[in-house]
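Notes follow the structure.
The values are calculated or read from the model by the stated rules, or taken from the named source; none is laboratory data. Note that this is a predicted model, so its numbers are computed, not measured. All Cβ positions, even for glycine, are placed from backbone atoms using ideal geometry, and neighbour counts span all protein chains on display. For accessibility, only protein heavy atoms count, side chains too; no ligands or nucleic acids. Shrake-Rupley method; radii C 1.70, N 1.55, O 1.52, S 1.80 Å.
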Amino acid sequence: QVQLVESGGGLVQTGGSLRLSCVASGGTFSRYTLGWFRQAPGKDREFVAAISWSGGNTRYADSVKGRFTISRDSVKNTANLQMNSLKPEDTAVYYCAVGLLPIFSTMYASEPKRYNYWGQGTQVSVSS
């Protein structure tokens with residue numbers, strides 16, 4: 001069974017940084033894409049960033065480009081999301097997910113329906 005466990009959320013001030021981690025277990029992920037999504041109260045789940053497990057290719061939502069960095073350690077089956085210059089609008093529950101995408105592109109990676117497995121989420125709060 002595949003399990004994803006996120007950690008690293010917390011409360012920071014505007015301009016601060018957080019580093020989220022996602023530990024994957026129970027499978028082999030060489031052909032998978034790992035994505036980070038977030039969901040604020042009353043809003044739809046939205047794409048944040050994605051990385052191909054084997055090649056380390058990345059994609060980002062425009063809203064976080066230049067501020068967030070996604071990375072992975074394929075040996076440890078761990079992915080990270082480094083979040084810098086945080087803004088109040090970044091406040092949300094952040095989820096990691098893995099799935100098999102037909103093409104590694106922003107279009108496919110940004111669709112939640114493409115992902116088979118999801119973590120439990122970790123809360124990120126940014127005060128103004």
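Scanning the stretch 105-116 for residues that are buried (at least 17 other Cβ atoms within 10 Å of the Cβ) and more than 15 Å from the chain's Cα centre (by Cα) yields a total of 0.
Please verify whether the stretch 7-14 includes one or more residues that are open to solvent by 40 Å² or more (accessible area, probe 1.4 Å) and either in contact with a Phe, Trp or Tyr (Cβ under 9 Å, 6 or more places away or on another chain) or over 26 Å from Pro88 (Cβ atoms) (or both). No, the conditions are met nowhere in the stretch 7-14.
None of Ala92, Ala40, Ala109 is touching a helix residue (DSSP H, G or I) at 6+ places or on another chain (Cβ under 9 Å), of a type outside the set (D, E, K, R) and at pLDDT 95 or above except Ala40.
Note on the stretch 68-95: residues that are open to solvent by 30 Å² or more (accessible area, probe 1.4 Å), assigned to a loop (DSSP other than H, G, I, E, B) and under 19 Å from Ser17 (Cβ atoms) amount to 4.
Considering Val64, Val98, Val48, which residue is open to solvent by less than 20 Å² (accessible area, probe 1.4 Å), part of a loop (DSSP other than H, G, I, E, B) and either closer than 22 Å to Gln123 by Cα or not hydrophobic (A, V, I, L, M, F, W, C) (or both)? Even if it seems obvious, please write down each step before you answer.
Numbers: Val98 fails: part of a loop (DSSP other than H, G, I, E, B); Val48 fails: part of a loop (DSSP other than H, G, I, E, B).
Among Val64, Val98, Val48, only Val64 is open to solvent by less than 20 Å² (accessible area, probe 1.4 Å), part of a loop (DSSP other than H, G, I, E, B) and either closer than 22 Å to Gln123 by Cα or not hydrophobic (A, V, I, L, M, F, W, C) (or both).
Taking the stretch 9-32 only, how many residues are among the hydrophobic types (A, V, I, L, M, F, W, C) and part of a loop (DSSP other than H, G, I, E, B)? Full working, then the answer.
Taking the stretch 9-32 first, the residues among the hydrophobic types (A, V, I, L, M, F, W, C) are 11-12, 18, 20, 22-24, 29.
From what is left, the residues that are part of a loop (DSSP other than H, G, I, E, B) are 29.
The total comes to 1.
Restricted to the stretch 33-45, and to residues there that are open to solvent by 40 Å² or more (accessible area, probe 1.4 Å) and in a loop (DSSP other than H, G, I, E, B), the residue that is nearest to Glu6 (Cα to Cα) is Arg45.
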